[in-house]
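Just below is one structure, and these are the notes that go with it.
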Amino acid sequence: MALSPKAVLGDANVYTLLQHLVGAHLARKACIEALEPRPGDHILDIGCGPAYYLDDLPACDYYGFDTDTRYIAHARRRFGHRARFFDELYTEEHRVTLPPFEGVLLMGLLHHLDDAQCNDLLALMGRSLVPGGRVVSLDTVLFDGQSRVSRFLARNDRGEFVRSPEAFRALARRHFARVESRLHGDTWRMPSAHFSMVLSEPIQAAP
Ligand SMILES: C[S@@+](CC[C@H](N)C(=O)[O-])C[C@H]1O[C@@H](n2cnc3c(N)ncnc32)[C@H](O)[C@@H]1O
């Protein structure tokens, strides 16, 4: 029986290995640098998966959420002594019970969510930050002039909502006054292209 890419990548070790093979871990490193986390910060990571990049963060109060129980079980085995993991959706109830966050990571998440889900999540992220806090997102992307390999990888991503840079930026601008973005990859070292955004100054919805 043939295994689907989804089933194969559901194994945390296979997923992590593939990330390193296509250079995607380098984009994660760049995103963590852009978050500028400091020791003791409260860091929220939604769609954390196995959180294989946790060692790139300083000693901080880390909360990882993912709806995939296999990834969370793997993350707990590896990092459970110094981080908290939740195999559930992050909701308004978590926002009111957990501390506010200096930094939020959404790495590899928005392209798994439709526009309505992205809007709900980005609004909730804005409410979850301390004043001056920031959100960093990273996603597979489709754009004109992309290499064939990169386009193939983007079209075959598990996420069903791979967007253009403009579409990602438009979603973010509804919720954050400051949106800085960057394209990563589409090179031999990182054949899979990624698009990152640093979001700050949340726009509060009218009560
Ligand atoms: C591409 S993986 C990224 C994992 C990790 N952040 C990384 O950068 O390697 C996307 C993850 O998002 C998770 N996911 C999808 N929708 C989610 C949601 N609404 N809430 C939390 N996790 C979600 C998936 O289970 C998957 O582990």
Inset, instruction - Look at the range 42-62 and say how many of its residues are in contact with a Phe, Trp or Tyr (Cβ under 7 Å, 6 or more places away or on another chain), more than 12 Å from the ligand (Cβ to nearest atom) and open to solvent by 10 Å² or more (accessible area, probe 1.4 Å). - result: 1
Legend entry - Out of R28, R76, R84, sole residue that is of a type outside the set (G, A, S), open to solvent by 60 Å² or more (accessible area, probe 1.4 Å) and closer than 23 Å to R134 by Cβ: R84
Inset, instruction - Residues that are within 22 Å of F195 (Cα to Cα) and out of contact with any Ser or Thr (no Cβ under 8 Å at 6 or more places or on another chain): find the helices (runs of 4 or more DSSP H) completely inside the range 1-90 holding 1 or more of those. - result: 5-9, 12-21, 24-35
Inset, instruction - Please specify each residue of the range 17-41 satisfying the condition of being within 11 Å of the ligand (Cβ to nearest atom) and over 13 Å from L54 (Cα atoms). - result: L18, Q19, H20, A24, A27
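The values are calculated or read from the model by the stated rules, or taken from the named source; none is laboratory data. Worth saying up front: this structure is predicted, and the values here are computed from it rather than measured. Quick reminder, even Gly has a Cβ in these numbers, built from the backbone with ideal geometry, and neighbours come from all protein chains shown. Note: areas computed on protein heavy atoms with side chains; ligands, DNA, RNA excluded. Shrake-Rupley method; radii C 1.70, N 1.55, O 1.52, S 1.80 Å.
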